[in-house]
Amino acid sequence: MTEAPLDRIGPALGRVPSGIFLCVCRAEEKVLPFIASWVQQAAMNPPCLTVAVQETREALSLCEPGKGAFTLSLLPAGASHLMKPFFGDSGEDPFGDLETRSNGSGGLYLAEALAWFECSVLGRAPAGDHQVIIGEVLEGEILDPGKEPWIHLRKNGLRY
């Protein structure tokens, strides 16, 4: 593809809205959290969500079909304090002072989230420099119906 089409495509892709989530992937005793913005409902019966995960992200190793699971915390609008600890790798526990809850099966979610979902990994599909993880939603709920979800738009859909 030539540069001219990418110059037009990037800004157009950036206008595709997405939510902001904390995704906590786990397998056995290992837990790896990261901020995800490419999350989408994929099916109603059974309910399924997809999450696009960058190929270089360590959390991807925990998302093997039939073995892995992940929990999504949908962040409320403007709650940047819930997102900031998960950028970078300081070596410290990114959950720090954030209040978390467990759903009983090991899934961890943020107490201040608007909603949360517990998913088992059904499959994966390659998508360029990302993998799309397909998860069956096993559990979830709205924690604060009075809040609005954080909607994210990019200046350019070809860069974070």
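Values quoted throughout were computed directly from the atomic coordinates according to the rules given, and no laboratory measurement underlies them. Because the structure is a prediction, the values reported are computed rather than measured. Don't worry about glycine lacking a Cβ; one is built from the backbone with ideal geometry, like all the others, and counts go over all protein chains shown.
Remarks
- Other residues whose C-beta falls under 12 angstrom from the C-beta of ASN103 contribute a net charge of -1, scoring Lys and Arg +1 and Asp and Glu -1.
- GluC sites (Glu not before Pro) within the stretch 1-92: DSSP coil, no more than 10 neighbouring Cβ in 10 Å: GLU28, GLU29, GLU92
- Label selected from (i) 45, 34, 31; (ii) 51, 32, 30; (iii) 51, 37, 34, the criterion being Cα extents along the principal axes in Å as computed here: (iii)
- The mean sequence separation of alpha-carbon pairs under 8 Å and at least six residues apart, normalised by the residue count of the chain, gives a relative contact order of 31 percent.
- Anchor LYS30: lysines whose Cα lies under 25 Å away (excluding residues fewer than 8 positions away in-chain): LYS67, LYS84
- Of the chymotrypsin sites (Phe, Trp or Tyr not before Pro) in the stretch 23-114, the ones in a loop by DSSP (not H, G, I, E or B) with at most 11 other beta carbons within 10 Å are PHE87.
- Using a Gaussian network model of the chain in which every pair of alpha carbons under 10 angstrom is joined by a spring, one finds that among LEU74, LEU138, LEU122 the greatest mean-square fluctuation is at LEU138.
- Taking Cα centre as origin and charging only the Cβ of basic (Lys, Arg, +1) and acidic (Asp, Glu, -1) residues, the dipole magnitude of the chain rounds to 580 debye.
- Annotation note: trypsin sites (Lys or Arg not before Pro) in the stretch 1-81 located in DSSP loop regions with a Cβ neighbour count of at most 15 within 10 Å are ARG15, LYS67.
- Using Cβ point charges alone (K and R +1, D and E -1), the dipole size of the stretch 89-146 about the Cα centre works out to roughly 320 debye.
- The stretch 111-160 - percent relative contact order, Cα under 8 Å, separation 6 or more: 39 percent
- Axis angle, to the nearest 10 degrees, between helix 3-14 and the longest C-alpha principal axis of the chain: 30 degrees.
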